[in-house]
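One structure is given here, and the rest of the page talks about it.
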Amino acid sequence: MARASVSIDYEGASEAVAAAYGRDPNFVIPMLQDLQREFGYIPSEAAICMARLLGIPLSQLYAVATFYSSLRLTPCGDHVITLCMGTVCYLKGSSKLAARIQASLNVGPGGTTADGRFTFQPVNCLGACGLAPVLVVDDTYFTEVKPIHVPDIIARYARKDGAARDVR
Amino acid sequence: MSVEHLTCPEDLARLRLQSARQTAEDTVTIAVCMDTCCCAKGAEDVWSAFETAIGIAAERGLHIELKRTACHGLCERGPLVIIAPGDILYQNVKPENVTQIVEETVVGGRVLESLIYEDPETGKKTASPSEIPFYTKQMRLVLRHNGAIDPESIDDYVAVGGYDALAKVLTEMTPEQVIAEVETSGLRGRGGGGFPTARKWRSCRAAEGSPRYIICNGDEGDPGAFMDRSIMEANPHAVIEGMIIGAYAIGSPQGFVYVRNEYPLAVRRVRKAIEDAHEHGLLGDNILGTGFDLDITINRGAGAFVCGESTALMASLEGHPGEPRAKYVHTVEVGLHGKPTCLNNVETWANVPAIISRGGKWFASIGTEGSKGTKVFSLAGKIRNTGLVEVPMGMTLREIVCGIGGGIPDGKRLKAVQTGGPSGGCIPEHLLDTPVDFDQLYDLGSMMGSGGLIVMDEDTCMVNVARYFLTFLREESCGKCTACREGTAQMCDILNRICAGEGREGDVELLLDLCQILEDAALCALGTSAANPVRSTTRYFRDEYDQHIRDHYCPAHDCRGLFSYEIVVEECRGCGACLKECPVEAISGEKRKPHALDQSLCVRCGACFDACSFSAIARVKPRVGSIASAAVQVEGS
């Protein structure tokens, strides 16, 4: 994953993304999404290039980037733990899961662990209400999760890249 | 198969015959549900296992077709597999079952008892969806092809009559006739408001300005709702066909589908549907050789609940933060880029092709006086059959929850049903004989919403539910208008206080005052309807608020600190599980002897309750003076 470093070509990446949308500021949200896909977040260097290329103030990009919850201005960890906080997950105990995750990783919502291993991202609803509570690590879904499962799930990813499904 | 560019309606008819012939042969089909829920439960591995097994079977001369389908409805029992002929539904299928399914069911013709549906109440086993009450009590129009067609195959959609309605519209009907047909049907917007669709189309068509735009709102932000996701994942072409018909009626050359960021599979399927429709000449210039042009593009949301509101969604499409504007001038006149814009919800668009094919009168014959057709609901919460259901308007909530949903598990008592998401309300058990109808739900202080139906049992605290929704709305308020920005925050603070046992006399009245302010002064529906969760819970469950405030007691045993835990000596086996989990060493006892809990140390975190496998931890009303105030904390806020 790209981390802040002098060798990264922010200019080139921004130009490629801007060109894909004809430098039309109407498409600023998809452009920022593309930049985020490339870097894992929106680096300020890329945002500055992008504002210049589109001929809009940087503040306008910043307003968009801070308004939408999926856009991030800071790098995320190697693994992203997404916890569904939808109504059904909540009724079935997702707040207990959140407490457990935050305690074991020592991070707040949206935060990244000091070692850069995990980012904890609560989201509104993943629309998989039949399987509540739902927790997703990277692209792997864990369904009907109980607080006692949390340490086990985290341990798998803390060791090294490993994925397992269905801890029930 | 090479892509055929259809240049006239006759080409479409030919493609239909071809595709239908291919699927009508006597081949055995194994359909694997590949929607978000089933994939989350391992459907992709099941699919790979079937590929291997079918490859082996092919060497023995057996031809089996493997088909990707989407949401069959019984989401919680996925991965779901349907085998035809025979119409056998297998649930909770795992890769290790696959060889057995091929050998026993496909080759041997025997049904595997261990994989078929078992009625949670009677224990009766049923193999065919046509005999399972969950399905038999539904009326599936929008979802009629779910489970039968491959959502990523335009040929499959065409084979079942897809794009037929479009051909009819483009060759036999004028735009006015299309709008008239939709008007006859009585279709009302499925996104929540229930505005008559034909009236919206007519206003947009009549509005000055060019070009006109159409938008499909797939920003299904209500937590606990997944109907639109399922429709987009299971039958994206129905949505696209509906949009093309709408664009023709309105006179629009450009459409947008706005899909939530959290729905990656829906984005992929809709994108593929648009590309395939383009390649087949069903989108782009000169559609089916009739001279009608339409382009549709897909936009991903970036995570903002307020973007489900039409003006906020349009701001987002223009590249701005999703802040709504006052609607003195409607978006059908001044919408996206200042042009006339018609925005409809996913399910609304998906209803259009059937209305054109079968006629507005047919559609109007289903449902109630004011609400026609069917409604798709996502049924979830404390219920046996969680999933996607479609019922005719007018069915009672009780029939949906108890008949289709199979009632409440674990012998618990049904307490309320929440409809309409954060903008809706909680309907108590004694009013569940109310029919599903836009106006009747509104009268109860709730609303149809987009169709989330969340069932709550006796363990759900209604004050905490209101708190949950207000916490949600406070975070999602865009902050543009003061009433919503400050009002939701104040209401949330009061509810947090009540749930922490620090409620004061007069808090409920203060909440209701704030509700009134929001209803009067908020800019958009997110703000005005933010009152509904509080209004409905105080209206039907005032007693719970009073017990929180006066007795510092949560009767549902849900709010941390407002009830105590006790060890039931008769049930305790002394296994030590609770003792090990307790973070403050409040539990003591020897192995295999009943343990004891020291109330003066207990922080009421519930770790012991979650850890106990013998129901030996009880939740009780705290004895007077036993609340350790230091322990009273509200979690998760």
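Sum -39500 (n - 2.57) across every DSSP H segment of at least 4 residues in chain B, then divide by the residue count to get the 222 nm mean residue ellipticity, nearest 500.
-10500 deg cm²/dmol
Relative contact order of region B:375-457: what whole-number percent is it, with Cα pairs under 8 angstrom and at least 6 residues apart?
37
Within 10 Å of each Cβ in B:136-149, how many Cβ atoms from other chains are there, averaged over the peptide?
Details: counts 0, 0, 0, 0, 0, 0, 0, 0, 0, 0, 0, 0, 0, 0.
Per residue, the number of nearby Cβ atoms from other chains is 0 on average.
Compute the distance from the alpha-carbon center of region B:116-146 to that of region B:554-609, in whole Å.
So the two Cα centres are separated by 42 Å.
So who's got an amide H within less than 5 Å of the one on B:N299, skipping anything under 5 residues away but keeping other chains? H placed 1.01 Å off N, in plane.
Answer set, sorted by chain and number: B:V257, B:Y258, B:V259.
HN-Hα J couplings of region B:421-433 from phi, Karplus 6.51/-1.76/1.60, θ = phi - 60°, integer Hz, Gly and Pro as x?
x, x, 8, x, x, 9, 9, x, 3, 6, 10, 6, 7
Using Cα pairs closer than 8 Å and at least 6 residues apart in sequence, work out the relative contact order for chain B, in percent.
Dividing the mean separation by the residue count of chain B yields 11 percent.
Mind listing which GluC sites (Glu not before Pro) in region B:71-147 are in a DSSP loop and have 13 or fewer other Cβ atoms within 10 Å?
B:E121
In vacuo Debye scattering of region B:145-202, one point per C-alpha: log10 I(q)/I(0) at q = 0.17, 0.18, 0.21, 0.28 Å⁻¹?
-0.76, -0.82, -0.90, -0.96
Taking amide H positions as placed 1.01 Å from N in the peptide plane, with prolines and chain starts having none, which residues 5 or more places from B:T29, or on another chain, fall under 5 Å of its amide H?
B:E65, B:A84
Based on a Kirkwood Rh over C-alpha pairs, give the Stokes-Einstein translational diffusion coefficient of the protein assembly as shown at 25 °C and viscosity 0.890 mPa s in µm²/s.
88
Tell me, what is the percent relative contact order of region B:83-138, built from C-alpha pairs under 8 Å that lie six or more residues apart?
Relative contact order, region B:83-138: 35 percent.
Across all directions of projection, what mean area in square nanometres is found for the Cα convex hull of region A:10-67?
3.2
Looking at region B:183-244, which GluC sites (Glu not before Pro) are DSSP coil and have at most 14 other C-beta atoms within 10 Å of their C-beta? Before the final figure, lay out the partial values.
On the way: sites: B:E183, B:E208, B:E220, B:E233, B:E241; in loops: B:E208, B:E220.
Counting only loop positions with at most 14 other Cβ atoms within 10 Å, the GluC sites (Glu not before Pro) in region B:183-244 are B:E208.
Using the Karplus curve 6.51 cos²θ - 1.76 cosθ + 1.60 with θ = phi - 60°, work out ³J(HN,Hα) for each residue of region B:80-96 in order, rounded to whole Hz, and write x for Gly and Pro.
9, 9, 10, 10, 10, x, x, 6, 9, 9, 9, 10, 6, 6, 10, x, 6
So for chain B, considering every pair of alpha-carbon atoms, how many percent are separated by more than 34 Å?
50
For a quick check: with amide H placed at 1.01 Å from N, whose amide H comes under 5 Å from B:I427's, ignoring anything fewer than 5 positions away on the same chain?
Long-range HN contacts for B:I427: B:V417, B:Q418, B:T419.
Per residue of region B:309-314, what does 6.51 cos²θ - 1.76 cosθ + 1.60 with θ = phi - 60° give for ³J(HN,Hα)? Whole Hz please, x for Gly and Pro, Karplus curve as stated.
3J(HN,Hα) across region B:309-314, in whole Hz: 6, 4, 6, 5, 4, 5.
Exactly which trypsin sites (Lys or Arg not before Pro) in region B:30-99 are in a DSSP loop and have at most 11 other Cβ atoms within 10 Å?
Values: sites: B:K41, B:R60, B:K67, B:R68, B:R77; in loops: B:K41, B:R60.
Listed in order of number, the matching sites are B:R60.
Convex hull over the Cα atoms of region B:172-289, averaged projected area in nm²?
Projected over every direction and averaged, the Cα hull of region B:172-289 covers 8.0 nm².
Which whole-percent values make up P(r) of region B:564-620 when all C-alpha to C-alpha distances are grouped in 5 Å steps starting at zero?
4, 24, 38, 25, 8
Bear in mind that the values in this text are calculations on the coordinates, not laboratory data. Model, not experiment: these values are computed from the prediction. Quick reminder, even Gly has a Cβ in these numbers, built from the backbone with ideal geometry, and neighbours come from all protein chains shown.
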